[in-house]
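Working notes for the structure below.
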Amino acid sequence: MQRESRSGADAPRPSGAKQASQAPPVEKHADGGDDRQSWLSGQLRGLPSRVASTHRWHRRGLAFAAGSLSVLAMAPFHFWPILLLTFPVVVWLLDQPGSPNRPLQSAAYDGWWFGFGYFFFGLSWIGEAFLVEAHIFGWLLPFAVTLMPAGLAIFTAATLVLAKTLWCPGPARIVILAICVGLGEFARGHLFTGFPWNVFGYALTGDPVIMQSAALFGIYGLTLWTVLICGTPLVVLAANTRSTRPMREILLPIGCLSVAPLAGLYAYGLAVLPSDPAAMVAGVKLRIVQPSVPQRHKWAREKQGEIFNDHLVLSRQNQKGERDDMAGITHVVWPEAAMPFLPLATPRALIAISDLLPDKTHLITGALRLERSAPGDEVRPSVQPNSKVFNSILVFGPDGGLTTLYDKLHLVPFGEYLPFKETLDWLGLQALTRIRGGFAVGPSPRPLLMIPGLPAIGPLICYEAIFPAAVVHGSARPGLLINATNDGWFGNTTGPYQHFHQSRLRAAEEGIPLVRAANNGISALIDPYGRVLNSIGLNARGVIDVELPMPRAPTIYARYGEYCFLFLVLFFALAVIGPTSYSIMQRESGS
């Protein structure tokens, strides 16, 4: 075990009978105040040793519990103070490995169990997708809700191994943990197609003021600050409960590593967040439609006409549910796969769209698109072994003709395509969308859509909105982001709320307003500061009519992307290397 030194005052301290016997006597007052203070001091002092128990399953269970509780920091709870308890557990586990002779192996086990708890409860909503057609996919549910968290937990295992490799005593180790967690989350968001869901940086962004810091650092940069802010206070207090140092010296690390950064993030948000609503683009009025079609009906052939007609009916209603002539509406926005058939191959659908739209009004909708490989192919995507089917955003003009389109670029593994297709096909598996062979990938880089009456649009389908720094490709900057999605797969769970919150962060990071149309919710208009101006809740049916906010000037993050994160990693690294090198030089000169 490590012992506390002058250069590492908050390093873990051993506890036990011998230490307790050396404790100075406590003067007891009539009100019992000092007794309570002594009890609390003893509890804090013993925390590191109790957490770092050498009992293998005790450690793993505690790591699992800490990861599980950390989910409360994410949407829809946004209870970020829970990380003030869970991140110190990680620090203490790294301080005293369960296997002293194999510290890296111990760190890997601790990290994996922490990550498994975090992803198991944070992604539990995935199981809902396998119950939509339970007679086909239900048997896969136990595998889906355990294997995916188990795989993602490998990233947290690697994170703690890296942290243990660089570990040192004192407050510097919390900075090291912040760097390693940030790098681990960055890797999770990019490797193997990436899945940056519930990145730890989202913890602080439930507050719209602190959310503004995403425009400086991005979500990965906020992850570093989150670990530093939440990992410091309890670790420092537990290490100094019996210190004879002045209280101001004990509180100094907490002030520098936790309180000051949190206050700085908040102060920046107050400085940039305007009190007045954003200015609106002249002459634009959007109608966002949310039909709330049950997912079990979405792909049923006998329901296709009914679903399409329901979109038409809702589009002719105002927010009060009253039928109107769509006067003043310039653009109608439908969600992902609003037409669960091939509209470009269905003349009756194009005629109905033409009848719906007034002069100069356009429809922006999610739909399927077939690219035939040879003349005479069938138009049903389920029987197209030699044709490409795209998950697309299609834009129709008032005459029912196609104006422009976007084909989804970043597909969902197992949902929209099968990795290792030949092997899994042989096993009889298919994607949840039940499109033979899965969807085809659209062209890269992501194009901007040019639609009459609107600024250039950055199109995003479904979970494409969760990838920071990837919502805009190339140097051309859009004036609007449109996210067409279908969260009906995930029922009334935390999933739709988490997805919605991550979409909000893309607007705040880029300084660009975002229009979100979701089948079952949450549909909304989000301004360039991430504020929700109007919305339709989960599982509600209706429309909202909204004006379009103007974008901000390009944010720091919009200009430099993940270089902001890398710069922050370098800054944190220098904050560790500088004082550590100085301390070593002082010791050497003294000897």
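Read the figures in this text as sums done on the coordinates, not as results from a lab. Not measured: the values here are computed from a predicted model. Here Cβ is always computed from backbone atoms with ideal geometry, including for glycine, and neighbour counts include all displayed protein chains.
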Rank by packing, highest mean first: peptides 216-226, 140-150, with packing defined as the count of other Cβ atoms within 10 Å averaged across residues. 216-226, 140-150
Additional length obtainable on full extension of the chain from Leu141 to Tyr563, 0.36 nm per residue less Cα span: 148.0 nm
Burial order of peptide ranges 61-74, 173-186, 402-415 (average beta-carbon count within 10 Å, highest first): 173-186, 61-74, 402-415
Nitroxide proxy distance, nm - points 7 Å out along Cα→Cβ at His473 and Lys303: 3.2 nm
For segment 284-560: lysine pairs with Cα atoms under 20 Å, gap of 8 or more or different chains, count? 6
Could you order the peptides 515-526, 151-162, 347-358 from most to least packed, using the average number of other C-beta atoms within 10 Å per residue? 515-526, 151-162, 347-358
Counting only DSSP beta bridges with both residues in segment 284-560, what percent are antiparallel, rounded to the nearest 5? 60 percent
Met550-Leu104 FRET efficiency (beta carbon distance; Förster radius 45 Å; 0.05 resolution): 0.30
Under 5 Å, built H, 5+ apart or other chain: amide partners of Met339: Leu368
Residues whose modelled amide H sits under 5 Å from the amide H of Gly442, counting only those 5 or more places away in sequence or on another chain, are Lys408, Leu409
So how far apart, in nm, are the two label points at Asp359 and His78 if each is 7 Å from Cα heading toward Cβ? 4.5 nm
Karplus couplings for segment 474-488 from phi (6.51 cos²θ - 1.76 cosθ + 1.60, θ = phi - 60°), rounded to Hz, Gly and Pro as x? x, 7, 6, 9, x, x, 7, 10, 10, 10, 8, 9, 9, 8, x
State the extension gain, in nm to one decimal, for the chain segment bounded by Ala263 and Gln319, taking 0.36 nm per residue of separation less the distance between their alpha-carbons. 16.1 nm
Taking 0.36 nm per residue of separation and subtracting the Cα-Cα distance, what length does fully extending Ile577 through Leu312 add? 89.1 nm
Charges only on Cβ, +1 for Lys and Arg, -1 for Asp and Glu: so what's the dipole of segment 284-560 about the Cα centre, in debye to the nearest 20? 280 debye
